[in-house]
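Heads up, the thing below is written out as structure tokens.
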């Protein structure tokens, strides 16, 4: 069985702040990280391998520096890593990204002579773009079923997959389907392992990150990167915050009296 | 498309470097240089004070005959026999867009036993409802939704399709988009029509809300967008005469690759932040789970729902369903009280549309005061108890 895990390197965006004086992003000291959801996808891939055997293959599309993210995946225990890197991939929206990823998966399946005995695992969304679109679009490219927002995963006999999917805040749905399948996981599914010393050494000394460009993938350049994208970013801007700010004065008691009278005027109280 | 730097104009000021989210630009010997990390996102173009950076776009050549696509669609979803309210919100916005484009507004429902409910969509601005009726569609089947919707879209060719950004909408929308090769923009907070081209200008937060991006699909149709619940308002002022198109389908369980084994109602206390009139939220400044009691009490005297910033959920002070912000709920209550919340951008994007915002924080420079209507600079542990007493007093005077 082949267990594909799609990962993305992202800026540690939760830490990104705006410099209030210059209104620009403060980037200094912000590391690039493996997208947090994707670490849970890697963990699930490794767990499936431990229970059922198979090879765990990490795939990422990005600039050469994204190799670092794949090395991290290798150090957690992933068997093989592929970096899809080419200037032709730049500017891709989710449609072009999922197409590029699908070409790599199809190529690996063909080379491994695997037809149906595989699973693709993605994190639900990346913290930079937050679209949650690449997973379902990749499933469509591969023409396999998808289950998104997965909380629990179980592989049973005869390639039967049973998952729990989050459905609204108060419900989960238990769904059964068969391999091959693409699932996108939520953070609640597991706790990603930390790479051990041996894992880290192996990731750099024994394992390789295999680079694939558009030619290796046999891609049509019209379907890659910006050319293959239907959407374009027209404009990017820093949001202007509104609000008529009344900072209240006086002792706490006075401030609260004022506040309550304002709220009465506003018909809140 | 590529990014070009005019080395004559470039002053080497580094504004572009500071604004690039990917570290894709660098100043070498006083001139900006594009690096491999560049994703052509365009942040540097906006940031350059001397217009030395140009994003060179290829000429626009239409990928489809756009003139064939007409009309605005809203795809409704439902739960326990009720239409999700985001559908009504999208009808409000959809009506506005349809009026500008001078086209009709259609709502699509896949389900069962909605024969009476669908009649009311005209009150919310819809010109037409397409109701695909099948007993099995009372539940959500990913592939049945995708197959049915792509069929309808190919047949009717709407130019705009709006979908709620819920666990359901975000499951089928990308797959439909891929099958149709249509542009899809996730989690939009603003939708407008571009003059002349009729393009849908889709604005959404990105990088955890630090940056807003306006996205369009200039050369293709349909244009698809998902929108979070709570962003747009329901509008019942523009009633329309409704045309009903009913399509009966005899779908069976076997028609889906997936089988729903069980739906588990977690039956926990229902937290409904999105529909609350008043929300009292706490942040890191509350200090501990124990200290949250005072925030809870304030919520209680106001009849409010309790919320929190991301850190309060991470520290396990509150249940995950109470999180307000980019990765939590987007809310717009009549009154939002932020106690000990500094106002990280990720929080602000989730609550800044509230009608009245009160901020209580020790730090006078906290960004929360930039969106607050009333600010109290002070220690919440002293302020909140007095506020509770005063509210009790005001309320008893009313009785």
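The values are calculated or read from the model by the stated rules, or taken from the named source; none is laboratory data. These numbers come from a predicted model, not from an experiment. Positions of Cβ are backbone-derived with ideal geometry, glycine not excepted, and every protein chain shown enters the neighbour counts.
Brief remarks follow.
- Residue count for segment B:139-168, restricted to those that are within 13 Å of chain A (Cβ to nearest Cβ), over 21 Å from the mean Cα position of the chain (by Cα) and more than 15 Å from residue A:136 (Cβ to Cβ): 1.
Yes or no, residue by residue, for (1) out of contact with any strand residue (DSSP E or B) (no Cβ under 7 Å at 6 or more places or on another chain); (2) farther than 24 Å from residue A:37 by Cα:
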position: A:179; (1), (2): no, no
position: A:191; (1), (2): yes, no
position: A:195; (1), (2): yes, no
position: A:214; (1), (2): yes, yes
position: A:218; (1), (2): yes, yes
position: A:221; (1), (2): yes, yes
position: A:245; (1), (2): no, yes
position: A:251; (1), (2): yes, yes
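- Selected residue (criterion: farthest from the other protein chains (Cβ to nearest Cβ)) from residues of segment B:113-123 that are more than 13 Å from residue B:76 (Cα to Cα) and in contact (Cβ under 8 Å) with a residue 12 or more places away in the chain: B:122
- Each residue in segment B:71-88 was checked for being assigned to a strand (DSSP E or B) and closer than 15 Å to residue B:225 by Cβ, and 4 pass.
- Test: residue B:275 is surrounded by fewer than 16 Cβ atoms within 10 Å (Cβ to Cβ) and either touching a helix residue (DSSP H, G or I) at 6+ places or on another chain (Cβ under 9 Å) or in the same structural domain as residue B:387 (by TED's automatic domain parsing) (or both): yes
- Test: residue in segment A:153-165 that is more than 30 Å from residue B:66 (Cα to Cα), within 13 Å of chain B (Cβ to nearest Cβ) and touching a residue at least 40 places away in the same chain (Cβ under 8 Å): yes
- Flag if residue A:175 is facing chain B (nearest Cβ under 10 Å) and in a loop (DSSP other than H, G, I, E, B): no
- Hey, residue B:230 assigned to a loop (DSSP other than H, G, I, E, B), closer than 27 Å to residue B:68 by Cβ and not assigned by TED's automatic domain parsing to the domain that holds residue B:325 or not: no
- In segment B:176-196, the qualifying residues are those that are modelled with pLDDT of 95 or more and either out of contact with any strand residue (DSSP E or B) (no Cβ under 7 Å at 6 or more places or on another chain) or outside the structural domain of residue B:146 (by TED's automatic domain parsing) (or both), and the one that is surrounded by the fewest Cβ atoms within 10 Å (Cβ to Cβ) is B:181.
- Residues that are in a loop (DSSP other than H, G, I, E, B) and on the phi < 0 side of the Ramachandran plot within segment B:148-182 comprise B:158, B:159, B:165, B:166, B:167, B:168, B:182, listed in sequence order.
- Selection within segment A:137-169 - in a helix (DSSP H, G or I) and within 19 Å of the chain's Cα centre (by Cα): A:137, A:138, A:139, A:140, A:141, A:142
- If you filter segment A:178-189 down to residues that are under 21 Å from the mean Cα position of the chain (by Cα) and not in a helix (DSSP H, G or I), you find that the one that is modelled with the lowest pLDDT is A:186.
- Restricting attention to segment B:49-59 and to residues that are closer than 16 Å to residue B:9 by Cα and touching a strand residue (DSSP E or B) at 6+ places or on another chain (Cβ under 8 Å), the residue that is surrounded by the most Cβ atoms within 10 Å (Cβ to Cβ) turns out to be B:53.
- Residues that are touching a residue at least 60 places away in the same chain (Cβ under 8 Å), in a strand (DSSP E or B), farther than 23 Å from residue B:68 by Cα and more than 14 Å from the chain's Cα centre (by Cα) do occur in segment B:203-223, at least one of them.
- Selection status of residue B:145, crowded, with 21+ Cβ neighbours inside 10 Å, assigned to a helix (DSSP H, G or I), in contact (Cβ under 8 Å) with a residue 60 or more places away in the chain and assigned by TED's automatic domain parsing to the domain that holds residue B:241: no
- Strands (runs of 3 or more DSSP E) wholly inside segment B:283-392 containing at least 3 residues that are in contact with a strand residue (DSSP E or B) (Cβ under 8 Å, 6 or more places away or on another chain) and within 10 Å of chain A (Cβ to nearest Cβ): B:356-361, B:374-377
- Any hit, segment B:187-201, residues being within 17 Å of residue B:74 (Cα to Cα), at the interface with another protein chain (Cβ under 8 Å from one of its Cβ atoms) and touching a residue at least 12 places away in the same chain (Cβ under 8 Å): yes
- Restricting attention to segment B:248-273 and to residues that are touching a residue at least 12 places away in the same chain (Cβ under 8 Å), in a strand (DSSP E or B) and closer than 30 Å to residue B:180 by Cα, the residue that is nearest to the other protein chains (Cβ to nearest Cβ) turns out to be B:260.
- Residue in segment A:185-194 that is under 30 Å from residue B:330 (Cβ atoms), within 8 Å of chain B (Cβ to nearest Cβ), surrounded by 17 or more Cβ atoms within 10 Å (Cβ to Cβ) and touching a helix residue (DSSP H, G or I) at 6+ places or on another chain (Cβ under 9 Å) present: no
- Taking segment B:9-40 as the range and being in contact with a strand residue (DSSP E or B) (Cβ under 6 Å, 6 or more places away or on another chain) and either within 14 Å of chain A (Cβ to nearest Cβ) or assigned to a loop (DSSP other than H, G, I, E, B) (or both) as the test, the residues that pass are B:10, B:12, B:14, B:16, B:17, B:18, B:19, B:21, B:25, B:26, B:34, B:35.
- Checked against the criterion of being within 30 Å of residue B:319 (Cα to Cα) and surrounded by 18 or more Cβ atoms within 10 Å (Cβ to Cβ), segment B:254-271 has at least one qualifying residue.
- Residue match in segment B:228-242 (condition: at the interface with chain A (Cβ under 10 Å from one of its Cβ atoms), touching a residue at least 12 places away in the same chain (Cβ under 8 Å), more than 19 Å from residue B:169 (Cβ to Cβ) and touching a strand residue (DSSP E or B) at 6+ places or on another chain (Cβ under 7 Å)): no
- Residue B:245 passes every criterion in (1) touching a strand residue (DSSP E or B) at 6+ places or on another chain (Cβ under 9 Å); (2) outside any helix (DSSP H, G or I); (3) over 30 Å from residue A:162 (Cα atoms); (4) at pLDDT below 95 apart from (4).
- Filtered by the rule that a residue be in contact with a helix residue (DSSP H, G or I) (Cβ under 8 Å, 6 or more places away or on another chain) and more than 7 Å from every other protein chain (Cβ to nearest Cβ), segment B:202-218 gives B:205, B:209.
- Scanning segment A:238-252 for residues that are out of contact with any helix residue (DSSP H, G or I) (no Cβ under 6 Å at 6 or more places or on another chain) and at pLDDT 75 or above yields A:246, A:247, A:249, A:250, A:251.
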